[in-house]
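The next block holds one structure in the form of structure tokens; read it before the comments.
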Amino acid sequence: MTYKTGGILIENLRKVYGHGDTAVEALKNVNMQVSAGEVVGLVGPSGAGKSTLLKCLGAIIEPTSGRMTLGNEVIFEDGCANFELVDTCENIRELPVKSAVQIKIDNLKRELAELEKLV
Ligand SMILES: Nc1ncnc2c1ncn2[C@@H]1O[C@H](COP(=O)(O)OP(=O)(O)O)[C@@H](O)[C@H]1O
Ligand SMILES: [Mg+2]
């Protein structure tokens, strides 16, 4: 397979959650590539590893080993080896949490405003 710049290249990606007896191998040496502009559907039964793969691609979690190339940047090489991107990983990791908390606060404020109308 030839990789054209601008896409996604995933090589031998592995993700293990936990350690020892309770370890779960969610991704077992995944190899795939997506060309720029290509639309790909990820299907599989519950627990197949779809969310884990997407979380790795979004740098929300770090794969245990393997390599991920986005565009022409290797973003993971046996973990988060690109130090400039370690910071980006840290930042991105907080994003869903922050937005989820903000949504919750907004909902609570809306509910409170509704309740205040009643008293
Ligand atoms: N944070 C986690 N800690 C431990 N195991 C996890 C965690 N997230 C997912 N898993 C396990 O990894 C496997 C793949 O899960 P997941 O990527 O969520 O699959 P899918 O999205 O295809 O349903 C499952 O066995 C799941 O129980
Ligand atoms: Mg899922």
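The values are calculated or read from the model by the stated rules, or taken from the named source; none is laboratory data. Fair warning: this is a prediction, and the values are worked out from it, not measured in the lab. No Cβ is skipped: glycine too gets one built from the backbone with ideal geometry, and neighbour counts run over all protein chains shown.
Is one or more of the residues making up the range 58-75 at pLDDT 85 or above, more than 16 Å from ligand 2 (Cβ to nearest atom) and either on the phi > 0 side of the Ramachandran plot or aromatic (Phe, Trp, Tyr) (or both)? Within the range 58-75 (the criterion being at pLDDT 85 or above, more than 16 Å from ligand 2 (Cβ to nearest atom) and either on the phi > 0 side of the Ramachandran plot or aromatic (Phe, Trp, Tyr) (or both)), the answer is yes, since at least one residue qualifies. Looking only at residues of the range 36-57 that are modelled with pLDDT of 90 or more and surrounded by 13 or more Cβ atoms within 10 Å (Cβ to Cβ), we find that the one that is nearest to Asn72 (Cα to Cα) is Leu53.
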